[in-house]
Amino acid sequence: MNEEIIDLDEFLERVQDDKELLCELLDIFMEDFGGKRKALEEAFGKNDLEEVRNIAHSLKGASGNISAKPLRQIFLELEDAAKNSNLTDTNGCLKQIDEQYNLLVSRIESLKKELTA
C-alpha cells in the first residue's frame, strides 16, 4: 500500500536517482503544504472559487512533482470542481486531503529512513 502513495520508481527517475535531491524535494513539499492547506481552507470559507482553483492547481503540480499520485488526483478533481463552480462538500474534501497527506507523510518518513540507511 505504501508504494501506491508515492510512485518511487517514477520519482527516482525524475531526479536521476539522486536520493539527496529526492529527500530535499520531499522536505520542500512538506514545508510548502501546510501554508497552502490553510489558504485552501480560508478560500473555501470565503467561497472564493478562483483561489481554490489556483491553490488546487499549485498543489496538483507539487504532488505530481514528487509522484504522489493519489494526492495529485484529489487536487486535479478539486481544481476541476472549482473551475466548473461545482464545489459541494468542502469539509469532506479537506478531510480527504488531510487523510491522504497524513499517509504521504508516513510514507515520506519511512522512505527517508530507507534511502539514508
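In table form, for the structure just shown:
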quantity: Relative contact order of segment 2-116, defined on C-alpha pairs under 8 angstrom at six or more residues apart (%); calculated: 31 percent
quantity: Computed [θ] at 222 nm, helices only, for the chain once each DSSP H run of length n ≥ 4 contributes -39500 (n - 2.57); calculated: -27500 deg cm²/dmol
quantity: Karplus 3J(HN,Hα) series, Hz, for segment 45-51 with 6.51 cos²θ - 1.76 cosθ + 1.60 (x for Gly, Pro); calculated: x, 8, 6, 8, 4, 5, 5
quantity: Acute angle (nearest 10 degrees) that the helix 69-83 long axis makes with the longest principal axis of the chain, alpha-carbon atoms; calculated: 20 degrees
quantity: Sequence ranges 53-60, 103-110, 28-35, ranked by mean other-Cβ count within 10 angstrom, highest first; calculated: 53-60, 103-110, 28-35
quantity: Tail weight of P(r) past 18 Å, computed on alpha-carbon pairs of the chain, percent; calculated: 49 percent
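Here, each number is a calculation from the coordinates, and none is a lab measurement. Every value quoted in this text rests on a predicted model; they were computed, and no experiment measured them. Positions of Cβ are generated from backbone atoms using ideal geometry, with glycine treated the same way; all protein chains shown enter the neighbour counts.
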